[in-house]
1. How large is the convex hull of the Cα atoms of the range 258-383 per residue, expressed in Å³ as a whole number?
2. Pull up the DSSP beta bridges for the range 46-253 and report the antiparallel fraction as a percent, rounded to 5.
3. Considering only protein heavy atoms, what is the solvent-accessible area of LYS98 at a probe of 1.4 Å, reported in Å² to the nearest 10?
4. Quick one: with all protein chains in place, what share of the accessible area of the range 280-329 is carbon or sulfur, to the nearest percent (1.4 Å probe)?
5. Work out how much length GLN241 to ASN172 would gain on full extension: take 0.36 nm times their residue separation and subtract the Cα-Cα distance, in nm to one decimal.
6. Give a quick list of chymotrypsin sites (Phe, Trp or Tyr not before Pro) in the range 140-245 that DSSP marks as loop, anything other than H, G, I, E or B, with at most 14 other Cβ atoms within 10 Å.
7. Please compute the Kirkwood hydrodynamic radius of the range 55-167 from all pairs of different C-alpha atoms, in Å with one decimal.
8. Over the Cα atoms of the range 46-253, how large are the radius of gyration and the largest Cα-Cα distance (Dmax), in Å?
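The values are calculated or read from the model by the stated rules, or taken from the named source; none is laboratory data. Computed from a prediction, not measured in an experiment: that's the story for all the values here. As a convention, Cβ positions derive from the backbone with ideal geometry for all residues, glycine included, and neighbour counts pool all protein chains shown. Each accessible area value is taken on the protein alone, full model and side chains, heavy atoms only, with ligands, DNA and RNA left out. Shrake-Rupley method; radii C 1.70, N 1.55, O 1.52, S 1.80 Å.
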Amino acid sequence: MVINNSLEEVKKRENALSIIKNIIETKGRSSLFDLTGLSGGFIASPSEISLLETYVGPAIFEDELQKVGKEHMGGEKILPLNRTSSGILATILTLVSKNSNVVHYLAQLPAHPSIPRSCKLVGANYSETDNFEEFSIPKNTSLVIVTGSTMDHKVIDEEEFRKVIEMAHEKNIPVMVDDASGARLRTVVFNQPKACDLGADIAITSTDKLMPGPRGGLMAGRKDLIDEIKVKVHQFGLEAQPPAVLAMLNGIKNFDETNLLNSFSRKDELFELLNAKYDNFQTTPTGVMISPEGLANEITAEHNLSENDLAFVFSFILLRDYGIITIPAVSMPGASATIRFDLSTNDAFGLDLKDLCKKIESSINKLQEVVINEDECREIVFSF
Ligand SMILES: *Cc1c(COP(=O)(O)O)cnc(C)c1O
């Protein structure tokens, strides 16, 4: 095994950031291709930056974020957070009591790890399913969770979404929607309503997913619940700080639906190219992906690596040899190891897809060569 635990995941991330820094310093930013779909950004004018004082910043930008955030998310009130995970944690700390049940429905397992981890922290009984027939709400349930679009961009069926909310509300149980990428993917590409308009009590989106904002979480929903959650958020330091609030505001204002729609049509071209050579690539709404299992199926050489290890090593080869950033190299512990090539953000717009396909192909060839040597794999992942 190359990566055995969360500490090693943190180490590989540190190494990936060193490699990125080196590419920027030696070859320049134009030699990096961030295809994570989380390329974020920080849009701010000098006059806005000059207002970023501890109390002046929130006075100006949080007020405007209420308006712009409600247009983006719906709901009665907006709460900006450090991350989506922070919003999930704060909601669970506020609404979920020890020994109560939390049930989660999503289009495809697994859930984002912040959900089970937060439930564990408060001592709740957590269960998740991607089989709608199996989904039910037991007695003593304090919170129902729905994921709008999973980490691998599997989007929930709208009818099932509506039914889960209806089932929860029949029992007076609040619904939290993890709409990290879904707030844009579901609405723009799949024409679904905003989570709050479907009746969600709380919805949280990630302001650097499929939009030009900073990493951060934007919560929207019922005013009474947001007010309670906000108390926990401030008690535990989970709120977004003024610079992030400013960049969230400008990120939402600069969100361009046409970029998502263009990537929706371009992904088929990339898929055709890869599918001509491999059996295990799949499309996502805005790009292509290969799961760790799929990647393992493409590798014919004998080896002792886990499926996730293969994905990590592949992600590092793409980064080192071609400056292509994919999530497994840079992700936080527990994130999905699926390799996604997302075409919806800046670095992808000018890419020649035939050239990208060649780079992916030669990275898979390189992976074939190195898998037989575990030491070499560790070196690729951990040493810069
Ligand atoms: C990315 C993501 C999160 C977490 O976002 P962070 O900003 O990393 O906290 C939660 N849920 C889903 C479905 C995600 O895709």
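1. Cα-based convex hull of the range 258-383, divided per residue, equals 102 Å³.
2. Antiparallel: roughly 40 percent of the beta bridges in the range 46-253.
3. Using a 1.4 Å probe on the heavy atoms, I get roughly 150 Å².
4. Values: 550 of 1540 Å².
For the range 280-329, the apolar C and S fraction of the accessible surface comes to 36 percent.
5. 21.5 nm
6. The qualifying sites are PHE236.
7. On the way: mean 1/r = 0.0644 Å⁻¹.
Evaluated over the range 55-167, this radius sits at 15.5 Å.
8. That works out to 16.3, 54 Å for Rg and Dmax.
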